[in-house]
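> Pasting in a structure now, in C-alpha cells, and then I'll have a few things to ask.
A short reminder: the numbers here are calculations on the coordinates, not readings from a lab. All figures in this text were calculated on a predicted structure; none of them were measured in a lab. Using ideal geometry, Cβ is built from the backbone for each residue, glycine included, and neighbour counts are taken over all protein chains shown.
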Amino acid sequence: MDISEYKGVLVFAERRAGTIQKIAYELLGIGRTIADALGQPLAALVVGSGIKDAEAADLIASGADEVVVADAPELAAYVTEPYAKVLTQAIRERKPGVVFVGATTIGRDLAPRVSARVHTGLTADCTGLAVEDATNNLLMTRPAFGGNIMATIVCPEHRPQMSTVRPGVMRRLDKDPSRKGEVSRLDVKIEKADLNVEILEAVVEKAARKNIEEASVLVSGGRGLGSPENYAKLSPLAEELGGLVSASRAVVDAGWAAPDRQVGQTGKTVRPDLYLALGISGMIQHIAGMEDSDYIVAVNKNPDAPIFEFADVGIVTDANKLVPALVEELRTAKLER
C-alpha cells in the first residue's frame, strides 16, 4: 500500500428517515480541525434516497469542502451490505487518508465491515483525535481496560486511518451559510445480490425517557449519596430545574440508575448549560464525560474531592441535606413569582 496516494478527510454523514443526524455535524467539526492540520480537504459522504440539495448545502455550511452524494432507491433505509458497498467504493475511488464514522448503532455495524474490506485498521469509540506533528499520522484516543486508562492508537502503515467517534464528544462548528463547496455524485450500482436483507416494516419505538446528551441541565448523582433512595430524591430537583437526572459509573454499577444515565468515559459525554454534581468525587473517567459543561456546580462532603478542581462553584456539605432544601427553595421561588 502506497500511503502517499491517500489524501484528505472523509466523514460518513449518517442520515436516517430523510434527516442528517447530529453526529454528522460533530464529525465535520473534528474533521475540519484534522483536515486543516494536514492542509487537506474535508469531504462528507451522504447516503440515502431522495437526498435534497439543501442537505448538501447544510453540510458545506457546517465545514465540508465537498459533499459526495450516493442516492439510490435501494439506499432509502440502512441495510448493512449496500451501505458497506457504497462506503467501500467511495474509499477506493477517492482514497482519503482519514475516515470518520459515528459510533452509533449504524456506525458500529458499518465501520468494521468496511475497514476489513479496504484492509486497514479501525479504532472504535474514540474520544480524542489529533495529528502527530512529526509524522502527520492520526492520533486516535479511546478508553481501554474498562475505562481505567486512555490508549492512543496510530495506524502508520495502512490507509485510510479509520475511527468511529462517540456522539456528543466533538463540538460541531457554527454554520456559515457563506461557505462555498462542491457537490459531486457517487455512481452506485446496487445489485440484487447486495440486497440480502429485505425490510418489511420499520417500527419506531418512542423513547420513554429523554437522552441526557440533549439536556441543558443535568443533576448528576454519585456514590457519595449513600443509597438508591437518596439518589431517587434527585428527580424532583431535576424537575424543578427543567433538566434530567444522570449518574456516575459507581451509581450505575450499584444498580441505582440505568446505563443510559451514565456520564463518563464508559458512559456518555455531555455538554449541558448546567451540570450539578452531587456526591461525585470526580475521578478522571467521570470528568472526561462532563468537563466541557458550560457551568459546573459540585457538592461534596470531602473538601479535597477532585471534582472541586473542575467546578465553577464548589459547596462542601452533605448533598442529601442540600437537595431537599434546594427543591423547597425553588418551589417557593416559583410561587412568589
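> Taking the mean number of other Cβ atoms within 10 Å as a proxy for protection, how do you rank 38-46, 130-138, 307-315, 249-257 from highest to lowest? Before the final figure, lay out the partial values.
On the way: 38-46: 21.6, 130-138: 13.8, 307-315: 16.3, 249-257: 18.7.
My ranking of the peptides, most packed first, is 38-46, 249-257, 307-315, 130-138.
> Name the long-range amide H neighbours of E182: under 5 Å, sequence gap of 5 or more, or other chain; modelled H, no Pro or chain starts.
Correct list: E66, V67.
> When the scattering of segment 98-138 is computed by the Debye formula from its Cα atoms alone, each counted once and equally, what is log10 I(q)/I(0) at q = 0.16, 0.28, 0.33 Å⁻¹?
Taking Cα atoms of segment 98-138 as identical point scatterers yields -0.46, -1.04, -1.18.
> For segment 3-194, place one equal point scatterer on every Cα, skip the solvent, and apply the Debye formula. What is log10 of I(q)/I(0) at q = 0.09 Å⁻¹?
-0.29
> Oh, and also: Step through the residues of segment 72-79 one at a time and calculate ³J(HN,Hα) from phi using the Karplus curve (6.51 cos²θ - 1.76 cosθ + 1.60, θ = phi - 60°), rounding each to whole Hz and writing x for Gly and Pro.
7, x, 5, 9, 4, 10, 5, 9
> Shape call for segment 236-337 from the C-alpha gyration tensor, a ≥ b ≥ c root eigenvalues: rounded (a/c under 1.5), prolate (a/b greater than b/c) or oblate? Please list the in-between numbers first.
Values: a/c = 1.66, a/b = 1.43, b/c = 1.16.
Prolate shape, in that a/c is at least 1.5 and a/b is the bigger ratio.
> Run lengths n ≥ 4 of DSSP H only: what is the helix-derived mean residue ellipticity at 222 nm for the chain, with -39500 (n - 2.57) per run over all residues, to the nearest 500?
Working: 9 runs with 96 residues, N = 337.
After summing the helix terms and dividing by the residues of the chain, the value is -8500 deg cm²/dmol.
> Calculate, in whole percent, how much of the Cα-Cα pair population of segment 1-63 lies beyond 16 Å.
Values: 888 of 1953 pairs.
Value for segment 1-63 (Cα pairs over 16 Å): 45 percent.
> What does the charge dipole of segment 76-140 about its Cα centre add up to, to the nearest 20 debye, if the Cβ of each Lys and Arg holds +1 and the Cβ of each Asp and Glu holds -1? Mind dumping the intermediate values first?
Values: 7 positive and 6 negative charges, 63 e Å.
Using only the charged Cβ atoms, the result is roughly 300 debye.
> Please report the net charge: other residues with Cβ closer than 11 Å to the Cβ of E240, K and R +1, D and E -1.
-1
> Using only the Cα atoms of segment 35-146, build the gyration tensor, take square roots of its eigenvalues as a ≥ b ≥ c, and label the shape rounded, prolate or oblate: rounded if a/c is under 1.5, else prolate if a/b is larger than b/c, else oblate.
Working: a/c = 1.82, a/b = 1.29, b/c = 1.41.
Since a/c reaches 1.5 but b/c is at least a/b, the shape of segment 35-146 is classed as oblate.
> Rounded to the nearest Å, what's the spacing between the alpha carbon centres of segment 11-48 and segment 209-269? Just the number, please.
First find each Cα centre; the distance between them is then 30 Å.
> For the chain, give me the percentage of DSSP beta bridges that are antiparallel, rounded to the nearest 5 percent.
Values: 11 of 57 bridges.
In the chain, DSSP labels about 20 percent of beta bridges as antiparallel.
> Under 30 Å Cα to Cα from K52, which lysines show up? Leave out anything in the same chain fewer than 8 places away.
K7, K22, K85, K95, K175, K180, K189, K192, K206, K210
> Would you mind putting 237-248, 1-12 in packing order, based on average other-beta-carbon counts within 10 Å, highest first?
237-248, 1-12
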